[in-house]
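Take a look at the structure set out below.
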């Protein structure tokens, strides 16, 4: 072979080598790198726990498992395997729902099993799939049951499942964890929704070298990024108080035939919520079984016309402006009055000529409070409505808070001033009402409510700053309106229910519900708001019933419930009877 041919062979071989390497780096290496990234196994992060104020874990993660299949490794008939798997995967959902005894639920279960069979078969029959997820968040007993089938091509990975050990307790407060459109765990509603970014943590990744076709290289490298657990929350919620409230509320809703009931209890000196409940509630462990309308927390997300409890705000505003004092006499209280073609009358058609402002609150006198509204005028009254926070969100750390519905001042007329003064024609949230009454109980200082007391991150506790503080009325005004509220409790319509020996400040409310442009006299929001002991308040409480059927009046439904819960709280908190 001459030198030229040898040289040509060397050049040709070198060219082939260079082309091969270029091809590798441009195509094969990119595929390998892409496959390496895409094939990285996600290691789920543990979500942070949620604790009550006594360190009880009211929310935690529970061990669970993900079931997957490798269709090309399955030898069993796909149709038969789908029939075997589907009932087991559905069974947990109906484990506590009584499907075996309720025909409608049993039928629903059968339909869901059939649909799941169809979905599983479609996955198993596709032999082009290397790996496919069949189910997530399976409990250990279901995993073990499937493992006993000893089916090649099926496997499990570790997963996490959110667990609420107290079932429905504080459900509206807590929210739940579901899957978003990408299949990731996501908090919805309540604390789970509001603090989702702090609770969820950061998932880890387990990467492994793969060949250009996507198969693992046995001697390849492993790269692990460890997951980071989410932060935990410690609440101001007192578990015993929460239990008392939920028990008494459920009994009261049933007793008074209410469509719904809500109770909020707070510490007026800190703004911290000690208990919050709504009935009917739901079980966040089984949230899929409930209508979506039940997820929202009425204590923060629903607005209502507050009725006569709003007279406290009207009276406090006038007292603070020195327009009236507790002994100022009402010279128009001898009968109903006409304003712009509307008649303003008392709720029971009884009238109290020349009554004092203290008696106006005691009798819940609409004519008397219209007298106060006249003195305030639209501008000054509207200013105090804003001061008390009724046109903005309180900033409570729960998802889905509403901001009330107070019309622009420029749209108010004389009749709006008067009706708003006794709590009709305006809409507030229950938590806004609690925040406002907290200010009265706290010497005129308004503190926005909070539920989380501490955030625990990396074993370190981060104290959550108290809510915003501002002076909305003077301490003198707060003391005056408090004494009026005490008088209303001791001499008002609900005096028979008051616990003996305790000084309680409070006010009833009965507001007709607006329907299609008019008010239905038979459908009301019945409420009672107050605090105790009146001279050194340890709690503020609002009790609210939506459409009670046994009686439309707050004095006969919400007030008795308030005092019944208060009795339990006096005992639990060690509050002694007054000496005076």
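Shape of region 388-527 from the C-alpha gyration tensor: oblate (a/c of 1.5 or more and a/b not above b/c, with a ≥ b ≥ c the square roots of its eigenvalues). Rounded, prolate or oblate: pick one for region 457-546, where a ≥ b ≥ c are the square roots of the eigenvalues of its C-alpha gyration tensor, a/c under 1.5 means rounded, and failing that, prolate if a/b is larger than b/c, else oblate. Note, shape of region 457-546 comes out oblate. Taking 7 Å steps out from each Cα toward its Cβ at residue 573 and residue 119 produces label points 4.8 nm apart.
Mind checking the angle between helix 239-256 and the chain's longest principal axis? C-alpha axes, 0 to 90 degrees, to the nearest 10. Compared with the principal axis, the helix lies near 70 degrees. The angle between the Cα long axis of helix 103-125 and the main principal axis of the chain comes to about 30°, on a 0 to 90 degree scale. The angle between the Cα long axis of helix 366-387 and the main principal axis of the chain comes to about 40°, on a 0 to 90 degree scale.
In this calculation the C-beta distance from residue 163 to residue 247 is compared with R0 = 30 Å, giving a FRET efficiency of 0.85. Using C-alpha pairs under 8 Å with a sequence gap of at least 6, the mean separation divided by the residue count of region 239-573 gives a relative contact order of 23 percent.
Given R₀ = 56 Å, what would the calculated FRET efficiency be for residue 205 paired with residue 405, taking r from the Cβ atoms and rounding to 0.05?
It comes out at approximately 0.75.
Entry for region 353-409 at q = 0.17 Å⁻¹: log10 I(q)/I(0) = -0.72, Debye formula applied to identical alpha-carbon scatterers, no solvent contribution. A Förster distance of 22 Å, applied to the separation of the beta-carbon atoms of residue 523 and residue 351, puts the FRET efficiency at 0.25. Ellipsoid fit via the Cα gyration tensor, region 239-573: semi-axes of 30, 22, 20 Å, each the root of five times an eigenvalue, largest first.
One Cα centroid belongs to region 509-580, the other to region 436-484; the line between them spans 21 Å.
Mean residue ellipticity, 222 nm, helices only, the chain: the sum of -39500 (n - 2.57) across DSSP H runs of n ≥ 4, divided by residue count and rounded to 500, is -11000 deg cm²/dmol.
P(r) tail for region 268-386, what percent of Cα pairs lie past 17 Å? Pairs farther apart than 17 Å: 66 percent. Kirkwood radius, the chain, all distinct C-alpha pairs, inverse of mean reciprocal distance: 27.8 Å.
A short reminder: the numbers here are calculations on the coordinates, not readings from a lab. Nothing here was measured: the structure is a model prediction, and the numbers come from that model. No Cβ is skipped: glycine too gets one built from the backbone with ideal geometry, and neighbour counts run over all protein chains shown.
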